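Report on the following structure.
Computed from the coordinates by the stated procedures, all read-outs in this text should not be read as laboratory data. Quick caveat: nothing in here was measured; it's all calculated off a predicted structure. We place every Cβ from the backbone using ideal geometry, glycine too, and count neighbours over all the protein chains shown.
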Ligand code: GRG
């Protein structure tokens, strides 16, 4: 299968839904819409929505994925808010993101903070709205469960928890397991929840949910290791942000804690482990395998 065609088709449908649900309103608060759309429309890979859609398709065997689009959109909005806040001077202080000036450089700090907050609110507005539009109690329960999975994974026991350790807790990272735990929260949690939400919406069994979790946990760590590797070896113009920032900020990463070769070895093992869950343990999905291979080989 051609994974690029698979991704492009779904990205188009996702983006059409996403930008129908967020437009500039020509009122006195117009600036906030412009700042939200500036970051959302900046050409990210849309990895998390694609994982959610791919997992939904694998389990439901549906050719329409209308059911999953509000949640996939919400996840991309949450991810975008996190990047936008991460770039602020109080956090990573990065001037470039997705190949263009970061939000606070294009606008200003106050606007960037508010745009991040507004993207998070919008995500929950879209999800709660779709929860209120269900045809049956069973469908409503699946949708509320998906929203809960997404909320938990982006909060204190997920992405925000990981971010606070990343900013203030590096003294607590003394071995590879501490680092894996930090990244499990910061990067892995919303990768796992994207897959779990897709599975839940598709009506997955407990066994299927367990396998989806196993697959996505390995993928999440492999993805973060690749991110650490790219910070050392990538081409800056292709990556869309400066390289070498981890070393500059004395960040503990999979590369600094081991070596480039060791990190590459770990990343290959983890992606093979993720693929094995799909290949051998009863989850059949050509596109999730291709997507995993694509993410590990990525250069941006
Ligand atoms: C501010 C609450 C809060 C959290 C920030 C996501 C994050 C936590 C920080 C971003 C820093 C970073 C580089 C994390 C490593 C992995 C990662 C999330 C990379 C960016 O995701 P991609 O590659 O980005 O999917 P695109 O732009 O393609 O969507």
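When the square roots of the Cα gyration tensor eigenvalues are ordered a ≥ b ≥ c, the ratio a/c for segment 1-114 is 1.5 or more and a/b exceeds b/c, which makes its shape prolate. Rounded to the nearest 0.05, what FRET efficiency do residue 144 and residue 62 have when you use their Cβ-Cβ distance and R0 = 35 Å? Calculated transfer efficiency: 0.95. Residues 270, 260, arranged from fewest to most other Cβ atoms within 10 angstrom of their Cβ, appear as 260, 270.
Taking all Cα-Cα distances within segment 150-300, those exceeding 25 Å account for 30%. Under the shape rule built on the C-alpha gyration tensor, where the axes satisfy a ≥ b ≥ c, segment 82-180 is oblate, since a/c reaches at least 1.5 while a/b does not exceed b/c.
According to the Kirkwood expression over distinct Cα-Cα pairs, how big is the hydrodynamic radius of the chain, in Å?
When all Cα pairs of the chain are included, the Kirkwood radius is 19.6 Å.
Entry note, the chain: the mean residue ellipticity at 222 nm calculated from DSSP H runs of n ≥ 4, each adding -39500 (n - 2.57), is -22000 deg cm²/dmol after division by the residues and rounding to the nearest 500.
Prolate is the label for segment 117-234, because a/c, from the alpha-carbon gyration tensor with a ≥ b ≥ c as root eigenvalues, is 1.5 or above and a/b exceeds b/c.
Taking the average, over residues, of other Cβ atoms within 10 Å as the packing measure, peptides 66-75, 14-23 rank 66-75, 14-23 from highest down. For residue 156 and residue 245, the difference between the fully extended length at 0.36 nm per residue and the C-alpha to C-alpha distance is 29.5 nm.
Under the Kirkwood approximation applied to all pairs of distinct alpha-carbon atoms, what is the hydrodynamic radius of segment 99-151 in Å? Hydrodynamic radius (Kirkwood, Cα only) of segment 99-151 equals 13.0 Å.
GNM on the chain, alpha-carbon springs under 10 angstrom: the most fluctuating residue among 90, 112, 42 is 90.
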